[in-house]
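What follows draws every value from the coordinates through simple rules; no lab data is involved. Not measured: the values here are computed from a predicted model. No Cβ is skipped: glycine too gets one built from the backbone with ideal geometry, and neighbour counts run over all protein chains shown.
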Amino acid sequence: MSSGGNADIYHEMIVDYSRNPANFGKIEDPDVTFHDSNPLCGDSIDIDMNISDNTVSDIKFHGKGCAICMACSSVLTEITKGKSLEDVRAVGKDDILGELGLEHLQAVRIKCALLSLKVFKSALYTYLGRHMQDSGSSADPAAADAATSSEEIDRLKEEVAGLY
Amino acid sequence: MSSGGNADIYHEMIVDYSRNPANFGKIEDPDVTFHDSNPLCGDSIDIDMNISDNTVSDIKFHGKGCAICMACSSVLTEITKGKSLEDVRAVGKDDILGELGLEHLQAVRIKCALLSLKVFKSALYTYLGRHMQDSGSSADPAAADAATSSEEIDRLKEEVAGLY
Amino acid sequence: MIDAIGDYYRTYNANTHRAVYALAEEATEAYEAVRDKVAKFVNVKDRQEIIFVRGTTEAINLVAYAWGRGHVKPGDIIVTTEYEHHSNIVPWQLVAEERGAVLEYVRIDDNGELILDDLDRLLGTGRVRLVAFSLMSNVLGTITDADAIISKCKAADVPTLVDGAQAVPHMPVDIASLGCDFFAFSGHKMLGPTGIGILWASKRMLGEMVPFHGGGDMIREVHKYESTWNDLPYKFEAGTPNIADVIGLGAAIDYLERIGMKNVRSHEVLLTKYALEKLSAVPDLKIYGPKDASRRGGVISFNFQSVHPHDVAYIIDEAGVALRSGHHCAQVLMEKLDVAATSRASFYLYNTTSEIDALVESLDAVAQKFAVRGKKEEDGAVK
Amino acid sequence: MIDAIGDYYRTYNANTHRAVYALAEEATEAYEAVRDKVAKFVNVKDRQEIIFVRGTTEAINLVAYAWGRGHVKPGDIIVTTEYEHHSNIVPWQLVAEERGAVLEYVRIDDNGELILDDLDRLLGTGRVRLVAFSLMSNVLGTITDADAIISKCKAADVPTLVDGAQAVPHMPVDIASLGCDFFAFSGHKMLGPTGIGILWASKRMLGEMVPFHGGGDMIREVHKYESTWNDLPYKFEAGTPNIADVIGLGAAIDYLERIGMKNVRSHEVLLTKYALEKLSAVPDLKIYGPKDASRRGGVISFNFQSVHPHDVAYIIDEAGVALRSGHHCAQVLMEKLDVAATSRASFYLYNTTSEIDALVESLDAVAQKFAVRGKKEEDGAVK
Ligand SMILES: Cc1ncc(COP(=O)(O)O)c(C=O)c1O
Ligand SMILES: Cc1ncc(COP(=O)(O)O)c(C=O)c1O
């Protein structure tokens, strides 16, 4: 009956990240912040971000989560930090899972692994939505440049809804 | 799986009674009347009675019911008609079932057989309860004679509740 | 189906959703897989709209509490029909009383079909808040003209609830093309276990609904003084679900799909045609509902003029066709037909014409026993 | 239990109550016999007070709807405790919000036992309408001092609801001598099937209650515009009951009675004592709840200071003792303990001390893997 190899996923990298998560903490007065939780296990993650020049200039996370959640959150922040908005919009679950050798994670644990990605994408569309309004009422050409269509935001929302 | 011998209970006497029930009908302006039904099968019976000199001087029933119900109602009215209140208070389910050879009736059909007895006993305590009040406020010695203690009425109510 | 339930208890008996370990995962997967099966079986696109409940009764009560109490206003009209099961009448009586609304009925004609003029008249008042009807009468067998009703209601912007308890087991049902707002049915009527049923409701309606039962699994976060709710469908599935019976229902659906609902239906049409013909020849027997087998399902209700259906069922207990006598939880219909009860034969995929022959034979014997041809003198007369 | 359910479907699968024929009679008898068994098992004198529901959650919601909505008034206080399951919190939040009442909590002390001074204070306001508490915490194992609570409530003329979901499977329970007004429990926690549970309520309370679900079986007579209700307990059992699972529950009760609940309890006390001792030796492990095995049941919750319980459960899935990690549907308690989740081991009559040894061994392995002795630098710190 046992699915076997449960413990395999707890390799050194995961354990290390869970003990020393990367980019763990809060940003004072961040450009955008988002919170979500998994109702079944009680994991809960906040992500704070600063965005300048269409780039994730800083990102930190905090909250409570299991080792899988902590490791994936760490990897997510490492992957996205310093990247352009365009690049991070393309980050998907395979990028996170692949980095940690979790491609074959069981369905129940997928939520642990992807909670932070969900929060990240939510933070992103929150930022873009706000930014779009701003750019509508300002004459800043850089902002107009970065402005995103509302379809793009809807697409992100859908992606979040379909994540797990 | 079949309990066998179901049809045995439909002997001639039952069929006859169901086709020609005894004392079927209504009494104009009866001394007491009572109605009840079986929620599961939809059988419903009314009993009307006249009572004089502490005797069931007349009794009729009407309503809808199966052959068992009709036969038992017929037997009940035949047994009780003309009898003293004391005697009819003692009439029990075995008197009815025995008369029709239904001693071994299955649990589900017992309700069909005893609905009219339940209605009869209910009519009786309704009458006695009313009568007790009457006798309290009147000086009629005959009434006082027949007057029943409220315990006796409670006992009847309990009997009704425990019938099936 | 029995095997599926036994397997569940023997192997992956663990509570769904709650725990991490492998047993629980298998239980959750099996449970959720049935949700997909159900969605496919009745053609629902979005699995989040499938809510597991105890049965049709709970499904309709859920709507009455979680939607009805918030949306029915004093003076509103809730419409149902004369051939409904109690579970599609009593919940609306309770809501109507609580909210100061009224319950009105679409009547039936002599053929046992709905008089849709009644619906037009009621919709014309502009006060109708909901129209609730069964897709197939469990007494008369009548197949409701759901398309006509739903398009009238849509035109009047009135939501519809369909009781599919009798229809889903006996004919192909396509909720998407029906276009109703709520749809309820029961597992035990489709060869599945007791204790499990389904409410389907559109996302739009579910979004308008408050939670029904509070408790485990339906929450997102519980704090001392407030809580937030879980996503659909879990918001409406509080407490330990009836896991084993959901899995049993899945097995029943597999079985029905292997046979094919079209085949189930056409087999029943054949049996019904045959039975209607044979039963018409039984002396003194009144048959209720449509005479045309293409407009009805395989339940046939009938009565001898002078033998109580209770007695009929009891005497022919051995005939090999499930014959029930009673009000079939449709007392409003009984009142309309002016009887206390009816006898009802139900045909399903496993029945044969020879069983119908056996039924008719035993009915003939009953007729003989009670000599129904010779009418009793009193005949309902009250002296 | 599995055999009983299989038997039911193979032989007497027919709806209870409704039909005359023999199959139905056997089903009804088997179903009703379980009602008697349940009554005897928890010492209830009157079988009419035993209502079959889906589980504890539905039982408590039934009370919240059918009694609560009629009796809780604006400004009233409903009292529950910090160690309740969501099913004994959320229904009261919903009632409180709807009726303009407030929900208040009896807190727990560091030992995981209720601070009854809180109850005295609340009862002192004279505004308490109901006190709802579980007889045994499903997380801490604490056995509630029900006698003290109920006698305080009786003195203040306040009704009490007892959640017995965790207690009934694990210790002898005598409802008559408890003296509460409502009592709820679930079949699946006592080796019975999922999908079945029990609400017991005193005749007096049941008499004050309006129907909950409307539908079949709960009615006496249904007319178009009004209905009358069936006798107890059927008034509260609408729709096709979960017959098979009721019968399965009967088999589970037979089994427990053969063993004897006193024996179940004393076996668990032994295991709990043993486990508490062994677990205390695991490095860095915090154990919640009473330390005295005579004041608690055989569920033990614990946490490593620096390994998430989710990971613990996953890693030791093979240990042979059911170990769950999560909030155990007790998020209010988690908030109080200041954790997201706990690991929880549950002991029952079939467990042995060698399984506890295996558990402790694998916990040691987890501790080693995560090297819990060497604390990580950040340790909860937020930069
Ligand atoms: C103490 C307690 N109360 C209530 C419940 C809820 O029971 P159910 O999910 O069967 O409705 C449970 C367990 O699941 C429990 O442990
Ligand atoms: C048409 C119809 N509606 C509702 C029901 C009630 O279903 P349940 O008793 O499973 O809740 C039934 C059958 O029992 C039915 O035939």
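Listed from fewest to most Cβ neighbours within 10 Å, the set C:Thr342, A:Thr55 follows the order A:Thr55, C:Thr342.
Segment D:57-100 and segment A:72-98 have their alpha-carbon centroids 45 Å apart.
For chain A, what number results from the quotient of the Cα radius of gyration and 2.2 N^0.38 Å?
Values: Rg = 16.5 Å, N = 164, 2.2 N^0.38 = 15.3 Å.
After normalising by residue count via 2.2 N^0.38 Å, the value is 1.08.
Show that you can apply the helix-only estimate: for chain A, add -39,500 (n - 2.57) for every DSSP H stretch of four or more residues, divide by all residues, and state [θ] at 222 nm to the nearest 500.
Values: 7 runs with 83 residues, N = 164.
For chain A, the value works out to -15500 deg cm²/dmol.
Sorted from greatest to least, the principal axis extents spanned by the alpha carbons of segment D:218-289 come out as 69, 32, 18 Å.
Could you put D:Val307, D:Val102, A:Val32 in order, starting from the residue whose Cβ has the fewest other Cβ atoms within 10 Å?
On the way: D:Val307 26, D:Val102 17, A:Val32 21.
Final ranking by Cβ density, sparse to dense: D:Val102, A:Val32, D:Val307.
Dividing the convex hull volume of the alpha carbon atoms of segment C:262-378 by its residue count, what do you get in Å³ per residue? Display every interim value, and only then the final one.
On the way: hull volume 12.0 nm³, N = 117.
Taking the convex hull of the Cα positions in segment C:262-378, it is 102 Å³ per residue.
For segment D:2-259, report the translational diffusion coefficient in µm²/s to the nearest whole number, using Stokes-Einstein at 25 °C, 0.890 mPa s, and a Kirkwood Rh over Cα pairs.
On the way: Rh = 19.0 Å.
Taking Rh from Cα pairs, D becomes 129 µm²/s.
Taking other C-beta atoms within 10 angstrom as a stand-in for reagent exposure, C:Tyr314, D:Tyr225 fall in the order D:Tyr225, C:Tyr314, fewest first. Once the Cα atoms are used to define both axes, helix B:107-137 deviates from the longest principal axis of chain B by about 10 degrees. Straight-line reach from D:Lys45: taking Cα to Cα under 13 Å and skipping same-chain neighbours fewer than 8 places apart, the aspartates and glutamates in range are D:Asp36, D:Asp174.
Report the Stokes-Einstein translational diffusion coefficient (µm² s⁻¹, integer) for segment C:121-251, Rh taken as the Kirkwood radius over Cα pairs, at 25 °C with viscosity 0.890 mPa s. It would help to have the intermediate numbers written out before the result.
Values: Rh = 16.7 Å.
Diffusion coefficient, whole number: 147 µm²/s.
Using C-alpha pairs under 8 Å with a sequence gap of at least 6, the mean separation divided by the residue count of chain C gives a relative contact order of 18 percent. Within the same chain, aspartates and glutamates fewer than 8 places from A:Lys81 are excluded, and of the rest, those with a Cα less than 12 Å from its Cα are A:Asp48, A:Asp58.
Using every Cα-Cα pair within the protein assembly as shown, state what percent have a distance larger than 39 Å.
On the way: 320333 of 597871 pairs.
In whole percent, the long-distance tail amounts to 54.
If you run the Gaussian network model on chain D, springs between alpha carbon atoms under 10 Å, then out of D:Ala59, D:Ala184, D:Ala148 the most flexible one is D:Ala148.
Nearest 500 deg cm²/dmol is fine: what mean residue ellipticity at 222 nm does chain C get from its DSSP H runs of n ≥ 4 alone, each adding -39,500 (n - 2.57), divided by its residue count? Here the helix-only value at 222 nm equals -11500 deg cm²/dmol. Within the protein assembly as shown, DSSP assigns beta bridges of which about 70% are antiparallel (rounded to the nearest 5).
Work out the mean other chain Cβ neighbour count within 10 Å for the residues of B:109-121 and drop it here as an integer. Spell out each step's value before the answer.
Working: counts 5, 0, 0, 5, 0, 0, 0, 0, 0, 0, 0, 0, 0.
Going residue by residue through B:109-121 and averaging, the value is 1.
What is the helix-to-structure angle for C:146-155, meaning the angle in degrees between its Cα long axis and the longest Cα principal axis of chain C, kept from 0 to 90 and rounded to the nearest 10? Roughly 50 degrees between the two axes. Inter-chain Cβ neighbour count for D:363-371, averaged per residue, equals 2 (cutoff 10 Å, partner chain atoms only). The long axis of helix D:353-369 is offset from the longest Cα principal axis of chain D by roughly 50 degrees. Counting Cα-Cα pairs of segment C:58-156 in 10 Å increments starting at 0 gives whole-percent bin shares of 16, 49, 32, 3. With a threshold of 25 Å on the Cα-Cα distance, the over-threshold entries among A:Lys83/A:Lys121; C:Lys73/D:Lys203; B:Lys64/C:Lys291; C:Lys235/D:Lys152 are C:Lys73/D:Lys203; B:Lys64/C:Lys291; C:Lys235/D:Lys152.
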